[in-house]
Structure formats: structure tokens, C-alpha cells
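K.L.:
One structure is given below, represented as C-alpha cells, and several questions about it will come after.
The values are calculated or read from the model by the stated rules, or taken from the named source; none is laboratory data. What you see is a predicted model, and the numbers here were worked out from it, not measured in a lab. Glycine also receives a Cβ, built like all others from the backbone with ideal geometry; neighbour counts cover every protein chain displayed. Note: areas computed on protein heavy atoms with side chains; ligands, DNA, RNA excluded. Shrake-Rupley method; radii C 1.70, N 1.55, O 1.52, S 1.80 Å.
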Amino acid sequence: MTPPQMKAPGSHLAGSAPRRAFPLRVADRRRDQIAHRLIGLAAFGTIASIILIFVFVGKEALPVLTSPEVHKEVTVGQMLEKVEPRPGKPKTFIWQPVSDVPKYALPPLVLGSLKATLVAILFATPLAVGAAMYSSEFAPRRAREFIKPVIEMLAGIPSVVLGFFALMVMADWLKVLFGWKYRLNATTAGVALGVAIIPVIYTVAEEALRAVPRQYREAALALGAGPWAAARRVVLPAAAPGILAAIALGFGRAIGETMIVLMASGNAALWTLSLSDSIRTMSATIAAELAEVVHDSAHYHVLFFIGALLFVVTFLVNLAGEVYVGRLKRRLSGIAG
Amino acid sequence: MRRACSVAWVAMLLAGAVSAGAAVTIKGSDTMVILGQRWAEVYMRTHPGAVVQVTGGGSGTGIAALINGSADVAQSSRAISEKEKAELLDRRAVPAIEIPTAMDGIAIYVHKDNPVQRLTLHQLRMIYQGDITNWRQVGGADLEIALYSRENNSGTFAFFKERVLAKGEFSPECQMLQGTASIVNVVAKDRQAIGYGGIGYTKGVRTVALATDSSSEYYAATQDNVAAMKYPLSRNLYWYTAGSPAGPTRDLIDWVLGPEGQSIVTKVGYYRLPDSGHVGDRPDGDTTRSIR
């Protein structure tokens, strides 16, 4: 064995061989190539698995639109129709897939997901953005180095733990506080969901705030603004698109989140706007019912249809968020440069 | 690196050896999973070489696994449906064999301070369908009733729906919780609540005596009343096999239905079969019956 060669400056970059200052040994180069292939494979494998999942979900959802077999039990039109729960009762949307006459109305599930997500956003945004402003604008470096990782650690709490906490503890507090009939409802689930998305919103919002060039603040301060005015009137508006993107990412995470809503929302599919009524979300419905369902039945395909809906919505929202963040970063750095 | 490879090899060989020793896989009802596991434990201890694997997931999950062929036995807290029977016949060309293995009762839970002591099945049905909405209407305090149910994937849900709701629908208001433990937990904390679940799980709540109708007698949810099928919400806990069980599965079933297996039923908190201990009394010595 020869002693390891000195690495050329910049050789750790994934550049092509000719650019290196002096040639690597053959064995090194081969190892390099293998490593490149492997990590390339990892990257494309990940993308391929996403596409495969998409295709699989789509394929299982498609019979809802096309299969006459499924249409005997339910059609897309019926999924958007109100029916009488019992003869003589006012018509409403009903989700009762396990029944002699299965009913598959989607609106209450969609509304349920939106209600929980809305509460989560309303709860999490002020906290997360406030925390982000504090740690990027006001906190001494030491405090920031403490706050940031601790908030981000929130993301590491398994959602089943949050759900359990919401079910056992938080639901009691909120019930006493508001005097609800049902302790598990849109608000209980939404607040727990909010806790889950705080780190998402915080991280992205903080990044957006810190991406605002220092000159903005200096200019504001030079014009006589106090630190608070500078942060609120100059930095915050400059970072607003990024904060919006942070909220969008939080939305994407919240609407797909399953365990918390499964445990803390009550899972009754009601068609009401009240936030103190129980909800049944799209994600929780899939989680609760998919294990039990007969393969290839109408119910099975409807659940995949809901899954596909959820997939498309989260994908679009996340995409919009990412694109927005990227654009904002480019714009701000463009101005600064 | 090489050592890691050889470790993996050994692990694979071991796994192969285990699966070669005809394991009986049992899957299904969450209500029965503890019972199944206790049976498996004792059976494997007393029958060296036997391998029994038990997992939960819900009655329907177990029956689906039976239909797919990924389980030898489905544990179910409800009777198999016509649809599932047809599917099994269709997929695997064998009938479902139903084996009652134990008995259970569904208790109706209320808060400890709830003065309501007894209900008829009819009242219970009106409550769960949302026709009776205040405890005052059934002799309780002037409080709205908060309804709790198991999720629609549980055998307990199916049983309740069939027996109490006469296959009708739950009120849309009814909250669906995951697992009996959550229901007991909620009911224990909420004076307005009513819930249902296994008789074994009554820590912190009170159960209500039930009568089939207002002219018949009320029976409390006790072991004796369930075993005698007097309590209106008594049920069988089943095992299902695809076609007549044979080999290790058959041995296991005979043992479960025998005195040793049945004594475990009582220890776990369910009720032994009324005619247990008489296995083999039937003319053909068959402990199972075929249903189609």
C-alpha cells in the first residue's frame, strides 16, 4: 500500500476527472466511480419509488371512475350526493361504508380534513412565526442556538405520542375550558396537529427571515426605526412570501397527518362548520378502514381514491411552497448582490 | 463486511429452519389477540416443536388474511359474512369452517355517577340512533347523551350494529374511537357518555343491566349471565379455517377446545364454551362444523 495521496483542492466536489489538479490513482478513481453510481442509484431509486407509489395509488383508485363493478355500489356522483340518514330525516352527506346500503359521501371527510388543518394553521402560525422572528431578529446568538434546535426537536416527537397526549390530557383541558359536549373534535385534533406543524413553519419562516439582506435592517435602523419597527415593517414584509410558503408546507403536512386526527378527532363524519363538532378526516378514514376492507371491493377502491386525492393535494401544496421559497431566495439574494 | 454477510446468512438459514417447522399462523380480532397469544404460549410450552404465531388487526383483517391464504386461522369476534364466505369459496374453493372457541359479552358502559342502572335493547337502539338524546328520557339526569362507538373495522362494532341496531345505522353524531381502552377512558371521564365494549374492561366505569324488551327480565353483564346466554349481548368468539383443518392446525384446535385450552379462556377474562370438555362426543368425533 502506498501512502494516501494528497487530495487536490476541490476534488471532493462531484466534478469530472479532467478538472482535477493532478490525476488520482486508478484504484481511487474506480472507487470514486462506484460511489458515484451508488449514490446516483439512491437518488433515482427514491424518485422511482415516489413515482411507483403514485402509479400504484392511481391504479387502485381508477376503478372508482371506470369500473362498472364499483359503479354498482357507488359512483362519483353518489359520492357527492346527500341522502336521508333514515326515512323522514333531513338529507345530509353520510359516510357509512360498512352498512347494508353503503354510503360514501366524500364532502364531510374533505371538510373534516380542512377544518382540522385550518385550526392547526391558526394555532401554529402565530407561535411559529413569532418564534422565528424572535430567534432571527432579537435573540442573542446563544439563545438562538438553544431555541432553534429545541423547536426543531418538536418535529421528532412521534405523532402517535402527540395524538395520545391530545386524547388523554388536552381533550380534558379544552372540554373544561369551552364546555363542549364532545371532548374530541375539530379543535382538539387541530391544536394537536398545530403542535406537530410548528417546527415545519418555524424552520422555513426562520430561514426566510434570515435570508432578508442585512442592508434592509441597517437601512431601516439608519432611518431611525427601532429594532421592533425594523423587524415588523421592513424584514417581515420582505420575508412574507417565504412565510406564506412556510404556512403552505405546514398545511401540506397537516392535511396528510394521520395518527393525531385518528386519535383525537372523534372520527364522526359530520357535515357542519362548527369547530366544536367531531370530524372524520380523509387520512384517518383510510387508516381506520383500509386494514379491514375486502380487497378489490368498491370500499377498497374508494379508500384509494381518497388516498389519491390526498396525495394530489399535498403534492401540489408542497410543490407550490417549495417553488415559492426557491423564488424568494433567488429574488432576495439578487437584490442583495 | 464479510462478517456482516455471514451473520446475515446465518439469520436467513435460521429463518428458513423456523418457517420449515410448520408454523400455525393466526390472525384477526383485536378482542381475541390476548386470548390467542395465551393459547399459543401455553401450547408451545406443552408441545415442543409446535410453532404458533398470533397477530391482531381486527376480525375482518383476519378473515381477509384467511381468504388470501396468509393465515391458517382467522380469529373473529363476529360471525363470518355471506360475502366473505363466498369470497373464500371463490378464491380457494374451500368452505369456511366455523369453530366457536370461547364466549364474550358486550357491556354497556356509563359514567360511575350516572344514575341509569338499566336499559332495554330498544332504548339502547334509540339512544345510538339518535332518537333519545337526553339521559332524562331513560330515567337519568337532565344531560345530553354523548355517544361513543368502536371504529367500523372492529368485530365488536359489527356485533353491536347487528344485535342492538338491528342492522340499522349509528347516529352520525356517534364518535368512533380506536379500541375499547379509549372508550373506557372517555366514559370514565364524562358524565354524559355512553359506550360499549368487552365485559373484561370495566375499570373506572359502570355497566348497565340489559333486557331484551320491557317485559323481559334485566340481566347484569356478569360471567354467569353470559355463559348461560341470558345476558342479551352475549356472543361467541370464533376461529375460522379455510376448509377442514388438518395437521398441526387441527391438533391446536382440539387442544383449544379441550379442558386445558378452555381453562385459559377463563383466565384471560372471557367465558368458556357451555359444552366445553365434551370434545369428541359428537358421533364423527368432529369438533368443527362446516357452514356454507
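K.L.:
Among A:Leu221, A:Ala205, A:Leu184, whose Cα projects farthest towards the positive end of the dipole of segment A:140-246, with charges put on the beta-carbon of Lys, Arg (+1) and Asp, Glu (-1)?
P.N.:
A:Leu221
K.L.:
Over chain A, calculate the relative contact order: mean separation of alpha carbon pairs under 8 Å at least 6 apart, over the residue count, as a percent.
P.N.:
In percent, rounded to a whole number, it is 22.
K.L.:
If you don't mind, there's one more thing I want to ask. Please compute the length gained on full extension between A:Met168 and A:Lys59, using 0.36 nm multiplied by the number of residues separating them and subtracting their Cα-Cα distance.
P.N.:
Stretched out fully, the A:Met168 to A:Lys59 stretch lengthens by 35.4 nm.
K.L.:
I've got another one for you. Given charges of +1 on the Cβ of Lys and Arg and -1 on the Cβ of Asp and Glu, with all other atoms neutral, how large is the dipole of segment A:144-245 about its Cα centre, in debye to the nearest 20?
P.N.:
Using Cβ point charges on Lys, Arg, Asp and Glu, segment A:144-245 gives about 260 debye.
K.L.:
If you don't mind, there's one more thing I want to ask. Using modelled backbone amide H atoms (1.01 Å from N, in-plane), which distant-in-sequence or interchain residues come within less than 5 Å of B:Ile108's amide H?
P.N.:
B:Val208
K.L.:
Can you find, among A:Ile50, A:Thr285, B:Leu66, the residue sitting farthest towards the positive end of the charge dipole of the protein assembly as shown, where Lys and Arg contribute +1 and Asp and Glu -1 at Cβ?
P.N.:
A:Ile50
K.L.:
Separate question: Give the accessible area for B:Thr207 in Å² (nearest 10); use a 1.4 Å probe, count only protein heavy atoms, and leave out ligands, DNA and RNA.
P.N.:
Accessible area, nearest 10 Å²: 40 Å².
K.L.:
Quick one: if you stick a label point 7 Å off each Cα along the C-beta vector at A:Ile157 and B:Arg38, how many nm between them?
P.N.:
Modelled inter-label distance: 3.7 nm.
K.L.:
Sequence-distant or interchain residues sharing an amide H contact under 5 Å with B:Gly56, placed H: which?
P.N.:
Excluding prolines and chain starts, which carry no amide H, the hits are B:Gly28.
K.L.:
Any idea of A:Lys175's accessible area? Nearest 10 Å², probe 1.4 Å.
P.N.:
Accessible area, nearest 10 Å²: 40 Å².
K.L.:
Using a 1.4 angstrom probe with every protein chain in place, what is the largest-first accessible-area order of B:Trp39, A:Trp173?
P.N.:
From most exposed to least exposed: A:Trp173, B:Trp39.
K.L.:
Hey, what angle do you get for helix A:26-61 against the long axis of chain A, alpha-carbon based, 0 to 90 degrees rounded to 10?
P.N.:
20 degrees
K.L.:
Taking θ = phi - 60°, what integer Hz values does the Karplus form 6.51 cos²θ - 1.76 cosθ + 1.60 yield along segment A:186-196, in sequence order, with x for Gly and Pro?
P.N.:
After applying 6.51 cos²θ - 1.76 cosθ + 1.60, I find 4, 5, 4, 5, x, 5, 5, 5, x, 4, 5 Hz.
K.L.:
Here is a further query. Looking at this model, which pairs from A:Lys175/B:Lys167; A:Lys103/B:Lys161; B:Lys167/B:Lys189 are more than 21 angstrom apart at the alpha-carbon?
P.N.:
From the list (A:Lys175/B:Lys167; A:Lys103/B:Lys161; B:Lys167/B:Lys189), the Cα-Cα distance tops 21 Å for A:Lys175/B:Lys167; B:Lys167/B:Lys189.
K.L.:
Okay, next question. Determine the calculated [θ] at 222 nm for chain B from helices alone, applying -39500 (n - 2.57) to every DSSP H run no shorter than 4 residues and normalising by the residue count; nearest 500 deg cm²/dmol.
P.N.:
Result for chain B, helices only: -11000 deg cm²/dmol.
K.L.:
Another one. How high is the relative contact order of segment A:238-337, in percent, with contacts defined as C-alpha pairs under 8 Å that are six or more residues apart?
P.N.:
37 percent
K.L.:
Ordering A:Lys72, B:Lys112, B:Lys27 from largest to smallest accessible area (1.4 angstrom probe), what's the sequence?
P.N.:
I get A:Lys72, B:Lys112, B:Lys27, largest accessible area first.
K.L.:
Show the residues, 5+ positions off or on another chain, whose built amide H is closer than 5 Å to the amide H of B:Ala102.
P.N.:
Those qualifying (amide H under 5 Å, at least 5 residues apart or on another chain) are B:Leu237.
K.L.:
May I ask you to rank B:Ile80, A:Ile247 by accessible area, largest first, using a 1.4 Å probe over the protein chains only?
P.N.:
My answer, sorted largest first, is A:Ile247, B:Ile80.
K.L.:
Tell me, what is the FRET efficiency for B:Asp254 and A:Ala48 to the nearest 0.05, using R0 = 41 angstrom and their Cβ-Cβ distance as r?
P.N.:
With R0 = 41 Å, the Cβ-Cβ based efficiency is 0.25.
K.L.:
Rounded to the nearest 10 degrees, what's the angle between the helix A:236-256 long axis and the longest principal axis of chain A, both from Cα atoms, 0 to 90?
P.N.:
Roughly 50 degrees between the two axes.
K.L.:
Right, something else. What is the magnitude of the charge dipole of the protein assembly as shown about its Cα centre, with +1 placed on the Cβ of each Lys and Arg, -1 on the Cβ of each Asp and Glu, and no other charges, expressed in debye to the nearest 20?
P.N.:
2780 debye
K.L.:
So what's the gap between the Cα centers of segment A:87-149 and segment A:191-245, to the nearest angstrom?
P.N.:
Distance between centres, Cα-based: 23 Å.
K.L.:
Taking 0.36 nm per intervening residue step and subtracting the Cα-Cα distance, what contour gain separates B:Lys167 from B:Leu143 on full extension?
P.N.:
5.9 nm
K.L.:
Here's a follow-up. Between 0 and 90 degrees, rounded to the nearest ten: what's the tilt of helix A:141-153 against the longest Cα principal axis of chain A?
P.N.:
40 degrees
K.L.:
Over chain B, calculate the relative contact order: mean separation of alpha carbon pairs under 8 Å at least 6 apart, over the residue count, as a percent.
P.N.:
24 percent
K.L.:
Under the 0.36 nm per residue contour assumption, what length would be gained going from the current alpha-carbon distance of A:Phe315 and A:Thr75 to full extension?
P.N.:
Full extension from A:Phe315 to A:Thr75 adds 83.9 nm.
K.L.:
Tell me what chain A gives for mean residue ellipticity at 222 nm when only DSSP H runs of n ≥ 4 count, each as -39,500 (n - 2.57), the sum divided by the residue total, rounded to 500 deg cm²/dmol.
P.N.:
One gets -20500 deg cm²/dmol as the mean residue ellipticity at 222 nm.
K.L.:
Counting only other residues whose beta carbon sits under 13 Å from that of A:Ser135, what net charge do I get with K and R as +1, D and E as -1?
P.N.:
Once all neighbours under 13 Å are counted, the net charge is 0.
K.L.:
Rounded to the nearest 10 Å², what accessible area does B:Tyr271 show when all protein chains are kept and the probe is 1.4 Å?
P.N.:
B:Tyr271 exposes around 10 Å² with every protein chain in place.
K.L.:
Any idea how far apart A:Asp28 and B:Ser263 come out in nm if each label point goes 7 Å out from Cα toward Cβ?
P.N.:
7.5 nm
K.L.:
Could you compute the FRET efficiency for B:Glu82 and B:His47, with r as their C-beta to C-beta distance and R0 at 25 Å, rounded to 0.05?
P.N.:
0.10
K.L.:
In addition: Can you give the convex hull volume of the alpha carbon atoms of the protein assembly as shown per residue, in Å³?
P.N.:
That works out to 235 Å³ per residue.
K.L.:
Something else: Efficiency by 1/(1 + (r/R0)^6): what FRET value for A:Arg210 and A:Val323, r their Cβ-Cβ distance, R0 = 22 Å, to the nearest 0.05?
P.N.:
Efficiency, rounded to the nearest 0.05: 0.65.
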